[in-house]
């Protein structure tokens, strides 16, 4: 990709040029830890211990263990790590102008870094912030507890962080990611965008080359077309801009943020011989960083970066959860996206079992798109417990499936079953991926066009969709 201009205009070059930068895919993973790696290298070169302690003490720590509850996924691959990374944006102080009537912390970037047990590959999975998911019950800042409900995934950070504390915000986000992916989150780190501006300024800005002028009132950004070096507020506005750039989607913004952070990391690397620039950069990144207690320090973060740096660049995958516009299932919702199944389930299951997923594999799988609304299902109660079919049907409707009817099965059953007529294999696979341990079976006598779900006693309503 050297020498190519990205879709939103970030110059990608082999050298520094006029500030334009490009980093290998390893840089995208290490960008959050680039400062940590650099400070250790500087320390080895003779920087005083007081600087190490100064930077080390900047890193915040938030313990979430007592806020996650006991019903959590099991780590199926001992030795592997799942690290939740949140780019947060507090609406306090200077950041207040970026969100009208928003008084809580906001989550603008959300991803999970999966580090396998053998440390031979790694994956970074980005979650569009407009993903329509189930938000589980969370502790709120005012001492109350929220009820489970569906909403955008980034609400979890704001909901838990309504008191301005990272611990509650991170805990609700962890619970939400775990509930919707089945992945056990082992660590977390948040980077506040207020520190982002300081990082860019310490490096004397980053060059971008938008093909068209960008005018975005919400991001407070007004840029002409062409190459220019961005600092401070303009740099933050560029990575936050959405509606006036490209197709206006959060997916496009994810790509632009990844490219910008590539450039930031590469320029930081080029400034290793400039103590003043690096010190300002490291001050900004460490002051904006909060992690769980086990990662809260220069040494553990450097240890993480050290594990990652030996991974070949061709085995670092940067993935986005397969998704499509929710408007396909809910015509009135043109703002959000839903995850594509069974592709999303397959992705999460592979990572949970420590199996490598490449971007090419995921892109190929995404082509077999089946909308939830195209899955027509009748739900029958095989438990003998009144109301079970109706409860399951309601959950399926909330997830966008078309429920054609409910009723009682001819007899009680020992286990849930899913039967489909000829031609509905793909639709059955989509529905089965939202149910625990269900394998669909073909049924030549089934009614055409409709899948039959017989609810057994082991299927919990909360486990559906």
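In what sequence, highest mean first, do 206-215, 302-311, 193-202, 404-413 appear when ranked by Cβ atoms within 10 angstrom?
Descending packing order for the listed peptides: 193-202, 206-215, 302-311, 404-413.
Compare the peptides 63-70, 231-238 by average per-residue count of other Cβ atoms within 10 angstrom and give them in order, highest first.
Packing proxy ranking, top to bottom: 231-238, 63-70.
Which order, highest average first, do 113-126, 278-291, 139-152 follow once you tally other Cβ atoms within 10 Å for each residue and take the mean per peptide?
278-291, 113-126, 139-152
From the alpha carbon gyration tensor of segment 372-463, can you work out the equivalent ellipsoid semi-axes (sqrt of 5 times each eigenvalue) and give them in Å, largest to smallest?
Sorted largest first and rounded, they come to 18, 15, 12 Å.
Calculate, axis by axis, the spread of Cα positions in segment 287-348 along the three principal axes, and write the results as whole Å, longest axis first.
Sorted largest first, the three principal extents are 50, 31, 16 Å.
Equivalent-ellipsoid semi-axes (√(5λ), Cα gyration tensor) for segment 97-204, whole Å, largest first?
Each semi-axis is √(5λ); the values are 23, 22, 12 Å.
None of the figures in this text is laboratory data; all of them are computed from the coordinates on show. Bear in mind the structure is a predicted one, so any value in this text is a computation, not a measurement. With ideal geometry, Cβ positions are generated from the backbone for all residues, glycine too; neighbour counts draw on all protein chains shown.
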